[in-house]
1. Taking the Cα centre of the range 14-167 as the origin and placing charges on Cβ (Lys, Arg +1; Asp, Glu -1), which of 31, 144, 108 is farthest toward the positive end of the dipole?
2. Setting aside same-chain residues fewer than 8 positions from residue 30, which lysines have a Cα under 18 Å from its Cα?
3. Using a 7 Å offset from the Cα along the Cα-to-Cβ direction at both residue 189 and residue 210, what is the distance between the two label points in nm, to one decimal?
4. Taking the alpha-carbon set of the chain, what are its Rg and Dmax in Å?
5. Tell me, what HN-Hα J-couplings in whole Hz come from the Karplus equation 6.51 cos²θ - 1.76 cosθ + 1.60 at θ = phi - 60° for each residue of the range 176-189, using x for Gly and Pro?
6. Based on DSSP H runs of at least 4 residues, each adding -39500 (n - 2.57), what is the mean residue ellipticity at 222 nm of the chain after dividing by all its residues, to the nearest 500 deg cm²/dmol?
7. May I ask you to list the chymotrypsin sites (Phe, Trp or Tyr not before Pro) in the range 119-213 that are in a DSSP loop and have at most 15 other Cβ atoms within 10 Å of their Cβ?
8. Can you work out the PRE-style zone for residue 107? Point 7 Å along Cα to Cβ, and I want the residues of the range 194-213 with backbone N under 20 Å.
Amino acid sequence: MFGNFNFLEMLLSLPGLLLGFVLHEFAHAKMSDRLGDPTPRSQGRITLDPRAHIDPIGFIVMLVAGFGWAKPVMVSPRYYKHPRRDDILVSVAGPLMNLLIAVVFFVLLKIMDVSGVLINNNSSLLGSLVSLLYITAHINIVLFVLNMIPFPMFDGYHVISNIFNTWKYRFFTLLEQYGMFIFIFLAITGILGRIISPIVNIVEGYLFTLIVR
């Protein structure tokens, strides 16, 4: 995901990015809606229509540069019966959806393997299909790991904010204030990729071994 894609790989990454972004935001919206918050529904986010969730610029940047963004789902925790717990559930719903997508596409790879369709079949079309399934799984594992980072702008930060009341500490206030600039610096310099790549490899390796092998 943070390496150099060729043109074919960029095309094959489109479905994974589209699924990852749309279902991630849909999961946030649906979970908040089920917990009593009318905000996502009133903003038209309880839908699988990509137009409701995709930020065109963020999508293109993700495709080209390896990092990007979708339209964030606006929620109102005041509607929750258990605000801190429910906000955590809403936060993790998106990344867990990405993880589920990865599992589903690894299962599809396994089905192709056990069905024998991959044996002695060297067609370029089949090879592209296998690549599509794997790249989609890989992209969504990246999105899962990235969004679980306990850093401002990511879902993982909402989790630790609710657990540790980070708004009480000046360090976290400053981190939130300058988080966007820090993130852009880490992404452009490649530091972000070096931080999350080992985690991505561990998660991906475990799922691939558990499901496909």
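1. My answer, from the dipole projection, is 31.
2. List returned: 71, 81.
3. Here the answer is 3.4 nm between the modelled labels.
4. Answer for the chain, Rg first and Dmax second: 18.3, 62 Å.
5. 5, 5, 10, x, 4, 5, 5, 4, 4, 4, 5, 6, 5, 7
6. Result for the chain: -23500 deg cm²/dmol, rounded to the nearest 500.
7. For chymotrypsin sites (Phe, Trp or Tyr not before Pro) across the range 119-213 that sit outside H, G, I, E and B with at most 15 neighbouring Cβ atoms in 10 Å, the list reads 169.
8. Counting only backbone N, you get 203-213.
Here, each number is a calculation from the coordinates, and none is a lab measurement. Note that the structure is a prediction, hence the values are computed from the model and not measured. Backbone-built Cβ (ideal geometry, glycine too); neighbour counts: all protein chains shown.
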